[in-house]
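Working notes, beginning with the structure itself.
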Amino acid sequence: MDDIRVTISSSSPRLLDQLRLHMRKNGLAYRTEQTYIHWVKRFIYFHNKQHPKAMGPKQIEDFLADLSNTRYCSVNTQRTALNALVYLYRRFMGVDVNNLNYTPAKQYRRLPVVYSREEITAIVQQLQGVHRLQVELMYGSGLRKAELLSLRIKDIDFSSKNIIVRGGKGNKDRSTLLPERLISRLRDQIDTVERLHKQDIQEGYGEVYLPGALARKYPNAAREIAWQFLFPSNNISRDPRSGILRRHHMHPSSLAKQLKKAVYAAKVRKPARSHSFRHSFATHLLEAGYDLRTIQELLGHSDIATTEIYTHVINRGGKGVKSPVDRLVESY
């Protein structure tokens with residue numbers, strides 16, 4: 001249950017605990033909270049565990065420069081670290097950190113890893129059961145791994161053939177398409193979850209984690225089948241906030257392990273990354289003639305410039321250019 005906020009006492013004297021509470025009060029997404037805490041910790045350890053109050057702009061500049069010059073971090077990584085430290089100093093501590101002077105990381109354009117249709121077919125054929133369904137959903141709907149595992153039964157709308165993604169990246173909701181060829185197997189998966197849920201209730205469990213204040217607003221929802229995870233864990237675990245024993249969703253490592261095995265068995269010589277199925281979804285839609293704006297909405301990108309990266313990887317055979325070696329006489 002590492003995607004559930006841990007309860008923190010408002011009287012805790014620890015800096016990081018108070019920082020977490022401040023971020024929650026200001027409505028930051030939990031993944032943002034986790035990311036910012038990570039970079040604040042890195043900053044503190046970089047300066048030999050000095051308290052942030054004893055440091056300032058100079059120490060921030062040194063840390064950011066080290067990320068660029070020594071760690072060779074990307075510009076996005078450096079920018080994320082900067083955002084975390086600006087939040088710490090400006091919003092949490094009320095300290096002005098404007099006009100920072102540091103070496104910015106170099107911006108390189110990295111093309112995403114995209115699987116061909118043949119490669120996806122080969123990978124999927126190496127998978128079985130729930131893991132096969134998960135990979136086909138990531139590719140067929142453009143879901144991130146975290147979005148896939150967070151799906152609830154109520155998020156599958158068979159009538160409109162839509163999947164509703166709740167609290168995606170940036171804590172935004174969106175809808176994406178539901179592949180028709182997966183409908184029958186999704187219904188079977190829901191039937192499996194229903195049987196498991198009935199068994200849990202008989203054994204004295206049956207509740208599921210609800211985000212935000214939903215548990216208070218709808219006290220009975222946690223036991224309703226609609227709120228159960230589409231891909232539940234095999235085990236009952238203890239909620240770190242309340243101590244209640246619940247069945248959470250499947251852990252991401254389970255899918256990652258099966259995917260790595262499948263890519264190797266399929267002899268696909270590309271990295272085994274779940275996010276590559278989302279990249280492949282976008283690239284293949286673009287190849288099929290769908291416009292960027294539609295793909296942007298399905299992916300949930302706030303900026304169309306993010307979606308435009310896929311125009312650089314679509315299969316056009318070198319942008320329509322015929323290689324000179326292909327024009328050589330066969331007998332050379």
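Report yes if Leu143 is assigned to a loop (DSSP other than H, G, I, E, B), in contact (Cβ under 8 Å) with a residue 60 or more places away in the chain and either of a type in the set (Gly, Ala, Ser) or closer than 16 Å to Pro252 by Cα (or both), otherwise no. Answer is yes for this residue. The single condition among (1) modelled with pLDDT of 95 or more; (2) out of contact with any strand residue (DSSP E or B) (no Cβ under 8 Å at 6 or more places or on another chain) that Ala146 does not meet is (1).
Every residue, every condition in (1) of a type in the set (A, V, I, L, M); (2) in a helix (DSSP H, G or I); (3) touching a helix residue (DSSP H, G or I) at 6+ places or on another chain (Cβ under 7 Å), yes or no:
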position: Phe43; (1), (2), (3): no, yes, yes
position: Asn48; (1), (2), (3): no, no, no
position: Lys53; (1), (2), (3): no, yes, no
position: Gln59; (1), (2), (3): no, yes, no
position: Tyr72; (1), (2), (3): no, no, no
position: Asn76; (1), (2), (3): no, yes, no
position: Leu82; (1), (2), (3): yes, yes, yes
position: Gly94; (1), (2), (3): no, no, no
position: Asn98; (1), (2), (3): no, no, no
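Every condition in (1) of a type in the set (A, V, I, L, M, F, W, C); (2) surrounded by 13 or more Cβ atoms within 10 Å (Cβ to Cβ); (3) under 21 Å from Ala29 (Cβ atoms) holds for Ala213 except the one numbered (2). Scanning segment 114-156 for residues being open to solvent by 30 Å² or more (accessible area, probe 1.4 Å), touching a Pro at 6+ places or on another chain (Cβ under 8 Å) and of a type outside the set (D, E, K, R) gives a total of 1. Show the residue pairs that are 6+ apart or on different chains and have beta-carbon atoms under 9 Å apart, the first residue being within segment 208-222 and more than 15 Å from Arg246 (Cβ to Cβ), the second being open to solvent by 50 Å² or more (accessible area, probe 1.4 Å) and not basic (Lys, Arg). Close Cβ pairs satisfying both conditions: Tyr218/Glu224. Within segment 157-180, residues that are more than 17 Å from Ala226 (Cα to Cα) and open to solvent by 40 Å² or more (accessible area, probe 1.4 Å) have Cβ atoms under 6 Å from residues that are among the hydroxyl-bearing types (Ser, Thr, Tyr) and part of a loop (DSSP other than H, G, I, E, B) in no pair, counting only partners at least 6 apart in sequence or on another chain.
Selection of first residues in segment 26-54 that are among the small types (Gly, Ala, Ser) and of second residues that are open to solvent by 80 Å² or more (accessible area, probe 1.4 Å), restricted to Cβ pairs under 8 Å at least 6 apart or on distinct chains, gives the following pairs, ordered by first then second residue: Ala29/Asn171. Selection of segment 62-113 for residues being of a type in the set (A, V, I, L, M, F, W, C), more than 30 Å from Glu287 (Cβ to Cβ), open to solvent by 30 Å² or more (accessible area, probe 1.4 Å) and touching a residue at least 40 places away in the same chain (Cβ under 8 Å) yields Phe92, Met93, Leu100.
Scanning segment 224-257 for residues that are farther than 24 Å from Gln134 by Cα and either surrounded by fewer than 17 Cβ atoms within 10 Å (Cβ to Cβ) or without any contact (Cβ under 8 Å) to a residue 60 or more places away in the chain (or both) yields a count of 7. Taken together, Arg117, Arg71, Arg152 contain a single residue that is among the basic types (Lys, Arg) and under 19 Å from the mean Cα position of the chain (by Cα), which is Arg152. When the criteria are applied in full, Leu285 fails the requirement of being in contact with a Lys or Arg (Cβ under 9 Å, 6 or more places away or on another chain), surrounded by 15 or more Cβ atoms within 10 Å (Cβ to Cβ) and not small (Gly, Ala, Ser). Can you name every residue in segment 209-234 that is modelled with pLDDT of 90 or more and in a loop (DSSP other than H, G, I, E, B)? Of everything in segment 209-234, those that are modelled with pLDDT of 90 or more and in a loop (DSSP other than H, G, I, E, B) turn out to be Glu224, Gln228, Leu230, Phe231, Ser233, Asn234. If the condition is being within 15 Å of Met93 (Cα to Cα) and surrounded by 12 or more Cβ atoms within 10 Å (Cβ to Cβ), then segment 45-61 contributes Pro52, Met55, Gly56, Pro57, Ile60.
The values are calculated or read from the model by the stated rules, or taken from the named source; none is laboratory data. Values in this document were obtained by computation on a predicted structure and should not be read as measured data. Neighbour counts run over all protein chains shown; Cβ positions are idealised from the backbone, glycine included. When the accessible area is computed, the model is the full protein with side chains, heavy atoms only, and any ligands, DNA or RNA have been set aside. Shrake-Rupley method; radii C 1.70, N 1.55, O 1.52, S 1.80 Å.
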